[in-house]
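All remarks here apply to the structure that follows.
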Amino acid sequence: MGNNLFKRGRRRRTPSALLILSIGSVGLVVFMLGFVLFWGVGVRVAGGNAPVLGIPSLSRPSSVSDGNGSDGSGFREYPVSVPVDLLTFRDLSYVPVKGIYVSSWVAGSPEHLETQLEMADRTEINAMVVDIKDATGYVTYDTGVEMAGSLDLEELRIKDIDGLVARLREREIVPIARIVCFKDPILARRKPEWAVRDVDGGLWTDNKGFPYIDPYRKEAWAYLVDVAEDAVDHGFREIQFDYVRFPSDGKISDTVYPGKNSDPEDAIAAFLQYARERLELRGAWVSADVFGLTVHTYDDLGIGQKVEKVSRNVDIVSPMIYPSHYSSGTYGIQDPNSKPYETITGAMQDAATRLEGTGATVRPWLQDFSLGGVEYGVDEVEAQIRAVEDQGYEEWLLWDPSMRYTEGALRPRS
């Protein structure tokens with residue numbers, strides 16, 4: 001009876017074992033198919049090449065079979081690029097600037113540049129504004145800009161632009177490219193159709209005999225931004241436009257602008273908007289130098305610099321608020337040049353009012369040179385810096401064309 005029970009028990013268990021084995025086998029197959037399917041989908045979503053069930057890659061412009069695949073798969077391959085938000089990266093990496101001007105001649109001389117770098121090593125200076133295109137019109141290094149080469153607009157003062165930028169970064173110096181815009185006598189002579197004309201039909205010249213580029217000429221805009229883009233591609237994180245204005249010296253009443261299609265202040269604003277739109281694509285900051293009086297007066301000073309319009313089209317505005325450039329009585333001061341703290345305080349208060357709501361940062365140029373009978377030294381330079389900071393600002397630039405900066409006015413590097 002035991003054997004019969006045993007045999008009956010085995011007969012009852014045999015169908016269950018087969019059923020379990022069958023279910024397990026089917027489950028394993030389903031699992032494997034599911035794994036392969038979802039693996040293929042995942043790889044395709046990530047932009048990879050997994051030819052599973054014809055699943056297209058979601059990160060590619062197209063993977064639709066057109067029968068032209070070079071590998072016979074029927075799929076055309078497209079390059080994959082990882083999107084990077086350069087503006088976010090730019091903003092997150094921003095460092096408040098305390099800088100100095102450095103000419104292209106100094107930047108191109110390792111010995112002279114080292115003098116400036118050593119001063120920066122000892123002080124709070126953390127940025128240098130380098131001439132990439134100066135008031136002579138020359139671009140100061142070998143660019144990839146076709147027009148600069150074909151019209152002989154380059155003067156190679158900086159022999160190794162990449163080495164320069166690397167050297168600045170090694171010393172934790174922010175590289176800023178200064179580009180002089182419409183004061184360009186070389187380009188005006190090589191491209192006279194782009195120049196300001198005289199009422200007599202020839203080239204208009206200023207009181208020093210230099211012609212000037214017409215700020216309405218969009219071909220000139222494109223050239224300037226081509227130079228700026230090349231500088232960014234070589235590692236400059238900010239482009240600073242100078243002489244971004246109409247001419248101010250000479251017989252202005254004789255000027256003729258053949259391409260005029262707006263008020264001067266709108267032409268300058270339109271150029272800056274155009275430049276910013278192109279340079280933002282490369283993750284660069286855009287700044288503009290303006291006359292110091294633009295934050296004090298409410299017209300465009302006859303040069304197209306209406307500070308509110310400038311400010312809405314750049315990231316940083318740098319008014320040149322040199323005390324020596326203010327006339328007696330400005331800000332209620334009899335001699336502004338001899339009262340640097342009071343003069344800069346008044347200018348920065350004006351700047352705060354005028355730029356409010358524009359989105360631009362104020363970073364003024366301060367005076368580190370002597371002019372107008374007042375000797376500028378430690379006390380005068382320090383007073384200007386203190387005035388800026390007492391108004392709640394932390395950025396400034398020092399200008400001295402001879403580049404002999406007053407180190408004693410600067411804080412030691414912490």
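What follows is calculated from the coordinates using simple rules that are stated; it is not laboratory data. Just so you know, these numbers come straight off a predicted model, no measurement behind them. Positions of Cβ are backbone-derived with ideal geometry, glycine not excepted, and every protein chain shown enters the neighbour counts.
Would you point out which residue out of Glu380, Glu356 is out of contact with any Lys or Arg (no Cβ under 6 Å at 6 or more places or on another chain) and without any contact (Cβ under 8 Å) to a residue 12 or more places away in the chain?
Exactly one residue qualifies, and that residue is Glu356.
Hey, any hits in segment 306-329 for a residue that's buried (at least 19 other Cβ atoms within 10 Å of the Cβ) and at positive phi?
Taking every residue of segment 306-329 in turn, none turns out to be buried (at least 19 other Cβ atoms within 10 Å of the Cβ) and at positive phi.
Which residue, of Ser262, Ser248, is over 22 Å from Ala135 (Cβ atoms) and hydroxyl-bearing (Ser, Thr, Tyr)?
Criteria check complete, one pass: Ser262.
I'm trying to understand the selection: among the residues of segment 138-157, which are under 19 Å from Phe241 (Cβ atoms) and assigned to a loop (DSSP other than H, G, I, E, B)?
Within segment 138-157, Tyr138, Thr140, Tyr141, Thr143, Val145, Leu153 meet the criteria.
Taking the condition of being out of contact with any Leu (no Cβ under 6 Å at 6 or more places or on another chain), outside any helix (DSSP H, G or I) and of a type outside the set (Ser, Thr, Tyr), how many residues in segment 109-125 meet it?
Final tally of qualifying residues: 1.
Of the residues that sit in segment 264-280 and are in contact with a strand residue (DSSP E or B) (Cβ under 9 Å, 6 or more places away or on another chain) and of a type in the set (D, E, K, R), which one is surrounded by the fewest Cβ atoms within 10 Å (Cβ to Cβ)?
Glu280
Considering segment 281-299 alone, what residues qualify as being crowded, with 22+ Cβ neighbours inside 10 Å and of a type in the set (D, E, K, R)?
Correct list: Asp289 only.
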